[in-house]
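Read through the structure below, which is laid out as structure tokens, and then see the notes.
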Amino acid sequence: MFVGIDIIENDRFARAMQRRPQLIERVFTRQERAHCLAKANPARHFAARFAAKEAVGKALGMGVPSWQEIEVTSSAGGKPGVRLSGATRASALSAGVGPVSLSLSHCNFASVAVAVINRMVDPGKSNVELRMADEQS
Ligand SMILES: CC(C)(COP(=O)(O)OP(=O)(O)OC[C@H]1O[C@@H](n2cnc3c(N)ncnc32)[C@H](O)[C@@H]1OP(=O)(O)O)[C@@H](O)C(=O)NCCC(=O)NCCS
């Protein structure tokens, strides 16, 4: 099992968003932006997703090569998931990375994310055995 964790100060993230409005479009996918902007306090949901991308990067052991290629999804019930795409997904598959699980939490001052990679499979079998977390349901 591989674990990654990250924590972000909400106020600091909100200030960064105000200072650099392009940050949101650069880092977050259209679906992530829609999810966060629909909330009463978007900054903390963005901060949680920023933490999530860092946490997933740590669990993958490859950092965050592309912000948008690690996407946080939300089920109808609000449960977060991870969708990898592009070169990040390809690298994860070739490394034999299994489904990525994610948990988020936020309060007034901080947002945290924990990512867990449930298994590593034989890289030679990964293309047939792997299902990323977003494909589970
Ligand atoms: C899910 C729940 C426990 C969140 O607790 P909370 O203290 O209000 O909020 P936190 O700040 O700790 O967590 C918020 C995050 O929880 C996550 N979350 C929401 N619903 C979830 C669910 N059903 N399962 C897992 N995670 C969930 C989301 O990622 C959310 O952040 P986001 O809106 O930015 O995506 C709460 O909304 C709840 O009790 N829901 C109803 C019961 C339920 O579905 N429980 C399942 C988990 S045990």
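The values are calculated or read from the model by the stated rules, or taken from the named source; none is laboratory data. Being a predicted model, the structure only gives us computed values, none of them experimental. As a convention, Cβ positions derive from the backbone with ideal geometry for all residues, glycine included, and neighbour counts pool all protein chains shown.
Below, the figures for the structure above:
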item: Matching entry among 76, 52 (being at pLDDT 95 or above and within 16 Å of the ligand (Cβ to nearest atom)); result: 52
item: Region 88-101, residues that are touching a Lys or Arg at 6+ places or on another chain (Cβ under 6 Å) and modelled with pLDDT of 95 or more; result: none
item: Close pairs from region 88-110: first touching a residue at least 60 places away in the same chain (Cβ under 8 Å), partner of a type in the set (Gly, Ala, Ser) and within 16 Å of the ligand (Cβ to nearest atom), Cβ under 6 Å, at least 6 apart; result: 106/48
item: Residue within region 29-47 that is within 22 Å of residue 3 (Cβ to Cβ), at pLDDT 95 or above, crowded, with 19+ Cβ neighbours inside 10 Å and within 15 Å of the ligand (Cβ to nearest atom) present; result: yes
item: Single match in 131, 119 (criterion: closer than 17 Å to residue 71 by Cα and either modelled with pLDDT of 55 or more or in contact with a Pro (Cβ under 7 Å, 6 or more places away or on another chain) (or both)); result: 131
item: Residue match in region 6-16 (condition: crowded, with 19+ Cβ neighbours inside 10 Å and under 15 Å from the mean Cα position of the chain (by Cα)); result: yes
item: Contacts under 6 angstrom Cβ, first residue in region 30-50 being of a type in the set (Lys, Arg), partner surrounded by fewer than 23 Cβ atoms within 10 Å (Cβ to Cβ) and not in a helix (DSSP H, G or I), 6 or more apart; result: 44/106
item: Number of positions in region 52-86 that are more than 13 Å from residue 27 (Cβ to Cβ) and aromatic (Phe, Trp, Tyr); result: 0
item: Qualifying residue in region 81-103 (condition: out of contact with any helix residue (DSSP H, G or I) (no Cβ under 8 Å at 6 or more places or on another chain) and within 9 Å of the ligand (Cβ to nearest atom)); result: yes
item: Test: residue 14 is more than 14 Å from the ligand (Cβ to nearest atom) and within 18 Å of residue 107 (Cα to Cα); result: yes
item: Boolean, residue 85 is at pLDDT 95 or above, over 12 Å from residue 53 (Cα atoms), within 16 Å of the chain's Cα centre (by Cα) and surrounded by 14 or more Cβ atoms within 10 Å (Cβ to Cβ); result: yes
